[in-house]
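Let me begin by presenting the structure, written as structure tokens, before commenting on it.
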Amino acid sequence: MQPARRRARISWISIGAACIGAAAVAYGATFVLNTEGKKPPAVAAAQPSAAPVKAPVVKFLGASKVTGKPVPPPDGLKGDPVDTFSDDAMVVWLKVTTDGPLTRDNSPLLMITDDKNRFYSFSPDRRSDGLIPLHLKKGYDRDVKTLSVTAIFGQESIGHWPIKDVPAPEVAFPDGQAVGSDLGEIVLRPGRRTRMTANIEMKPLGDKSAGFVLVPIAESHVTLDPKRYIQHFLAKPGEEYKSPINLPNATMNQGVMFDLTTYKGVTDTETVTFHNVHLESKFGQPTLIVDADQVGTTDKGHKVKLGKQDNGPFRTPRHVHPYASLRVSFDAEAGADANLTFIKPAVVAEVANPLPSSLGLQAMPIVVDVSASENAEAVFQLSPPVQNGKSGDFKFGPIGDLTIRLTVLRAKSIDKKRIFLPIRVSTETPQGGPGLGRPMTPRTS
């Protein structure tokens, strides 16, 4: 009976030690099991809290007009000039000094406002010399002679300066062209801090088989530079399209002008013939061998490449399958619609001659790699052709001419027009808790 009670005592000791260890871990303590009868080490002390981040020192250096050429720093300051863009109204220069490198923790929050406390769009440049040029964007709707730039750190204003001689607003297109389209609108919703996020919301076209492409041209008070903004928005056929869009001073504009291109998918069938392909046995598995790269031209003028390949197994397979595969590359840039080069066509292929059954194969699947323009998007899908050949005795050796039939589904534009999408400020309650999206009133003291 004694051994049994001893085992029970050890069990309760083990359970108690486990509970103590779990409690120590839960409270962040360091627990070391003492197995040699030594005095256990003391619990590790809590780490001291990090020192508060010191506020940066921000100085206003002046503002420069935009002339279409690189803008140098204000008089008396050394530094490389900054490049400007067509949507820049002027460049505001600040100098930020910190104890260490400029990071997210010690960076000030910068805002540009007018006398009505409206926020103006700008984009900052960070440079190694401590200068921060702010590119004030066009698109504002009223003639203001003076704006204000404010620097905030830790909910406190650390600087407030006037910006004088602000250029007059521009009119990108007359009000007579601002006729809203029933296809959709641009909705503004409160975002992080003082920002408003703009989203395109488009209805599907009446023709469910047609898609569309939107190319932004201009806001009411600024022409959009294609080098600075997304060049196109692509909607697939039959879909309800929603996408964010970056717009300068969106709350001050009535809407955005777009070029709308409608497209459909058009299917073509093309054939191309290659030579010197042979069927060989690789550990009993039939394998199509191509000794050198070949480039053929289809009857529609497209280039197809059959690369050198030998995709057979490297050891005896567990099962021998009655098929042999190939891989080809299709050049989709030639013959593509000039307005839709960013839409990648869907291409599938099959062996038209010889038939798989004539070689004792059930199928000869072909993988097609489509080479299109950079950043081209796949919109269409095609199901691979089904081959139900009758397998039998494999016929190894040279095949002779190999003819491939390709099915190509590509985009073709059917209509192009210019539309105007009005800007609407949403009245929805912002998600994420109180204060999100609430305008921040800068302090001037």
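Projecting label points 7 angstrom from Cα along Cα→Cβ for Asp225 and Ile158 puts them 2.9 nm apart.
When the square roots of the Cα gyration tensor eigenvalues are ordered a ≥ b ≥ c, the ratio a/c for the range 143-232 is 1.5 or more and a/b exceeds b/c, which makes its shape prolate.
For Asp80 and Ala352, calculate 0.36 nm times their separation in residues minus their Cα-Cα distance, and state this gained length in nm to one decimal.
Numbers: separation 272, 0.36 × 272 = 97.92 nm, distance 6.35 nm.
Residue separation times 0.36 nm, minus the Cα-Cα distance, leaves 91.6 nm.
Straightening the chain between Ala334 and Asp415 buys 27.0 nm, computed as 0.36 nm per residue apart minus the Cα-Cα spacing.
Leaving out ligands, DNA and RNA, what percent of the accessible area of the range 206-352 is carbon and sulfur, probe 1.4 Å?
Values: 3330 of 6960 Å².
The computed percentage sits at 48.
Placing Val266, Val171 in order of accessible area, with the largest value first and a 1.4 Å probe, yields Val171, Val266.
Accessible area of Lys145 (1.4 Å probe, protein heavy atoms only, ligands and nucleic acids ignored): about 130 Å². Ligands, DNA and RNA aside, Leu110 has an accessible area near 30 Å² when probed at 1.4 Å.
Can you sort Thr287, Thr427 by solvent-accessible area, 1.4 Å probe, largest first? Intermediate results must be reported in sequence, preceding the final value.
Details: Thr287 10, Thr427 135 Å².
From most exposed to least exposed: Thr427, Thr287.
Cα gyration tensor of the range 61-153, axes a ≥ b ≥ c as square roots of the eigenvalues: rounded (a/c below 1.5), prolate (a/b > b/c) or oblate? Taking the square roots of the gyration eigenvalues as a ≥ b ≥ c, the range 61-153 is oblate.
Rounded to the nearest 10 square angstrom, Asp141 shows an accessible area of 60 square angstrom against a 1.4 Å probe.
Taking a temperature of 37 °C and a viscosity of 0.692 mPa s, what whole-number D in µm²/s does Stokes-Einstein yield for the range 266-362 with Rh from Kirkwood over alpha carbon pairs? Please report the intermediate quantities before stating the final value.
Working: Rh = 15.4 Å.
Estimated diffusion coefficient is 213 µm²/s.
Maximal additional length on extending the Leu188-Asp393 stretch stands at 67.0 nm, based on 0.36 nm per residue less the C-alpha distance.
Solvent-accessible surface of the range 271-396, taken per residue with a 1.4 Å probe and all protein chains present: 56 Å².
Using heavy-atom solvent-accessible surface (probe 1.4 Å) with all chains present, what is the largest-first order of Arg118, Arg195? List each step's numbers first, then the result.
On the way: Arg118 65, Arg195 150 Å².
From most accessible down to least: Arg195, Arg118.
At a probe radius of 1.4 angstrom, the accessible area of the range 118-242 per residue rounds to 49 square angstrom.
The values are calculated or read from the model by the stated rules, or taken from the named source; none is laboratory data. What you see is a predicted model; the values in this text were computed from it and never measured. So basically every Cβ, Gly included, is an ideal-geometry build from the backbone, and we count neighbours across all protein chains shown. The area values use the complete protein model at the heavy-atom level, side chains included, leaving out ligands, DNA and RNA. Shrake-Rupley method; radii C 1.70, N 1.55, O 1.52, S 1.80 Å.
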